[in-house]
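Enquirer: What follows is a structure written as structure tokens; I'll ask about it next.
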Amino acid sequence: MAKQHLKNFTDGLKAGIPIALGYLSVSFTFGIIAVSYGFTPWQATLISLMCTTSAGQFSGITTMLVPGQYLDMLVSQLTINIRYSFMSISLSQKVNERFRGIWRLLFGALITDEIFAVAVSQPVVSRAFFAGLALLPYLGWGGGTLLGAILGNILPERIMSALGLAIYGMFIAIVTPEMKKCHPVILTVAIAALLSTCFTYVPVLNRLSSGLAISVCAIAAAIVSSILHPIAMEEDQTEEPNHAQ
């Protein structure tokens, strides 16, 4: 049993390496911006370690520059991060029987878009696999923030712009294999991309916060795909025990 747990943990570590590399570059940018806003390197790093969410962090430090806007921060963080609740609900249907209780509480705080995308692609998510999957990205996010806060002013602006695109390339690399294996996923991605474009360029819609827009796109795309390509539920075919004497 211990050997199997170790294997699951190792598999999770391997799956988390590309995510960690992407997070290292993206959080580097956050570290630079946080320091430019007046935060110290250790404060910026602490934010990343306690709240691993790129959009939420960028929005949070902007709101923190104006004292007293607690309601604005509450609303912005709720709309930006509410999508993680939907991810957690979806992922909870795939975890094994040992992944429960305090472990869900601890590891639930580590769910991100990319970690969810990798975890949900597994037939069954064990506690050991998820621990390995989330470990390196978590360290990469915190470490990248620290490096960015300390060394950011040294790098040329062109390199910083390239680092900002890394997370998008990483997410495409995660989603593409699933699109090849399952054609309905292509429809889901297309619907989400179309809606996201509308929320970016269409007047009135582009005033919606990025977090709420992401949530709407994800839910709408999932609903449409589930209606057009429903997945049949597997019924328990276990027979009743024979009590005949």
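Enquirer: I'm checking my understanding of the structure. Among residues of the range 15-43 that are open to solvent by 40 Å² or more (accessible area, probe 1.4 Å) and under 17 Å from the mean Cα position of the chain (by Cα), which one is nearest to Ala149 (Cα to Cα)? Break it down into steps so the answer makes sense when it comes.
Expert: Step one: list which residues in the range 15-43 are open to solvent by 40 Å² or more (accessible area, probe 1.4 Å), which gives 17-18, 21, 24, 33, 35-38, 40-43.
In the following step, the residues that additionally are under 17 Å from the mean Cα position of the chain (by Cα) were identified as 17-18, 21, 24.
Details: Ile17: 22, Pro18: 22, Leu21: 17, Leu24: 12 Å.
Applying the filter and picking the extreme gives Leu24.
Enquirer: Filter the range 79-107 for residues that are part of a helix (DSSP H, G or I) and free of Cβ contacts under 8 Å to residues at least 24 places away in the same chain and give the result.
Expert: Once the filter is applied, which keeps residues that are part of a helix (DSSP H, G or I) and free of Cβ contacts under 8 Å to residues at least 24 places away in the same chain, the range 79-107 yields Ser85, Ser88, Ile89, Ile102, Arg104, Leu105, Leu106.
Enquirer: Same structure, new question: Taking the range 131-175 on its own, how many of its residues are open to solvent by 40 Å² or more (accessible area, probe 1.4 Å), under 14 Å from Ser54 (Cα atoms), at pLDDT below 90 and in a helix (DSSP H, G or I)?
Expert: Qualifying residue count, the range 131-175: 3.
Enquirer: Also, quick follow-up: Looking for whichever is at pLDDT 85 or above, farther than 28 Å from Val125 by Cα, in a helix (DSSP H, G or I) and open to solvent by 30 Å² or more (accessible area, probe 1.4 Å) here; the options are Leu6, Leu74, Leu46. Which one fits?
Expert: Leu46
Enquirer: Which one of these is closer than 15 Å to Ser90 by Cβ and part of a helix (DSSP H, G or I): Val224, Val185, Val189, Val216?
Expert: On the way: Val224 fails: closer than 15 Å to Ser90 by Cβ; Val189 fails: closer than 15 Å to Ser90 by Cβ; Val216 fails: closer than 15 Å to Ser90 by Cβ.
Among Val224, Val185, Val189, Val216, only Val185 is closer than 15 Å to Ser90 by Cβ and part of a helix (DSSP H, G or I).
Enquirer: Condition check: over 28 Å from Asn96 (Cα atoms) and without any contact (Cβ under 8 Å) to a residue 60 or more places away in the chain. Does Gly60 satisfy that?
Expert: Yes, satisfied.
Enquirer: Of everything in the range 119-128, what is in a helix (DSSP H, G or I) and out of contact with any Phe, Trp or Tyr (no Cβ under 7 Å at 6 or more places or on another chain)? Give them in sequence order.
Expert: Val120
Enquirer: If you don't mind, there's one more thing I want to ask. Which of the residues that make up the range 127-163 are under 18 Å from the mean Cα position of the chain (by Cα) and of a type in the set (Gly, Ala, Ser)?
Expert: Ala131, Gly132, Ala134, Gly140, Gly142, Gly143, Gly144
The values are calculated or read from the model by the stated rules, or taken from the named source; none is laboratory data. Here the structure is a predicted model, which means the values were calculated and not measured. No Cβ is skipped: glycine too gets one built from the backbone with ideal geometry, and neighbour counts run over all protein chains shown. Only protein heavy atoms, including side chains, enter the accessible area calculation; ligands, DNA and RNA are left aside. Shrake-Rupley method; radii C 1.70, N 1.55, O 1.52, S 1.80 Å.
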